[in-house]
Each structure stands twice: as structure tokens, then as C-alpha cells.
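Notes to accompany the following structure.
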Amino acid sequence: MKKFLKYTFLLAFIFGGWALAAASLHVVRAPGRMFHDYVPLNVQLVTKNNLTFKETWVDTTKWSAADVANHPAVVERLNQANRLDLVKQAMMTPAPADVTTASAAPHSKTVEVAPTAPPRENSIFDFGGNKK
């Protein structure tokens, strides 16, 4: 019984650590390749501002400008981390509704993504220096 409790505690400790690590990262899959085209997919880790399980896995391979507008927190965090290249293709891809509108009308519509997130708060990874 003592051995069972010891292994149960050990497993809970390990899985709790992995859960905490997952809550602190965005795992972003973007179009393209990694490591000089040796890896056929592009998966990047970007730290979050808050510990939460929302948008832990973000697959931007089929995003359009509408999806970029629907996920302002992720886009703002990618901007803060200088990783907007992960959603650059999605920002240039028009939404399906915009495509049908553009094909019906000859004028082009530009999509501009304005930051709608509140001012940046210090994250758990900010260790001094950037105090407000």
C-alpha cells in the first residue's frame, strides 16, 4: 500500500508539472517547414501572458483574416514575442465571405487587424526590468 501511494504521488507530481507547462505555452502550428526544410511542418512554442488552457494548441495553417480577428489575444502575444511571421500568411488570406464579396464587386477590400487586447500586463516570465 505504501508503494502504491508513493507511485501515485509521483505520477500526480509528473502530470501536474506537465499540465502547468502546457498552461504556460501556446503551441503554434504554422504553414511552412522547420530546420532548413528538413522537418515538413512548422511548430513553434510561444509563452503565454497568463496561465490558462485557452488556446494552448493553435493551428494557423488554414486561418484567414477573419480567424486572425477572432483570436486577438494570440495575435497580440505573437506580436509581443516578435513572431507575427507565424500568422502573416493568414493575415493576407481573405475570409471566405470577403472572397465572394470581392468576386461580385470589382473593388478590393483590405483587411487591417487592429490590436483589441488590453494593455500588456507583466507575464509570469518577466523578471524585472519592465516594471510599469
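Any read-out appearing in this document is the output of simple, stated calculations on the displayed coordinates, not a laboratory observation. These numbers come from a predicted model, not from an experiment. Counting neighbours? That spans all protein chains shown, and the Cβs are built from the backbone with ideal geometry, glycine included.
Any residue at all in segment 46-69 that's over 26 Å from residue 124 (Cα atoms), loosely packed, with under 14 Cβ neighbours inside 10 Å and aromatic (Phe, Trp, Tyr)? Checked segment 46-69: no residue is over 26 Å from residue 124 (Cα atoms), loosely packed, with under 14 Cβ neighbours inside 10 Å and aromatic (Phe, Trp, Tyr). Looking only at residues of segment 1-33 that are among the basic types (Lys, Arg) and more than 26 Å from residue 77 (Cα to Cα), we find that the one that is surrounded by the most Cβ atoms within 10 Å (Cβ to Cβ) is 6. Going through (1) more than 29 Å from residue 92 (Cα to Cα); (2) of a type in the set (A, V, I, L, M); (3) in a helix (DSSP H, G or I) one by one, residue 74 falls short only on (1). Filtering segment 8-65 to residues that are farther than 17 Å from residue 87 by Cβ, under 17 Å from the mean Cα position of the chain (by Cα) and among the β-branched types (Val, Ile, Thr) leaves only 52. Here residue 36 fits the description: free of Cβ contacts under 8 Å to residues at least 60 places away in the same chain, surrounded by fewer than 16 Cβ atoms within 10 Å (Cβ to Cβ) and not in a helix (DSSP H, G or I).
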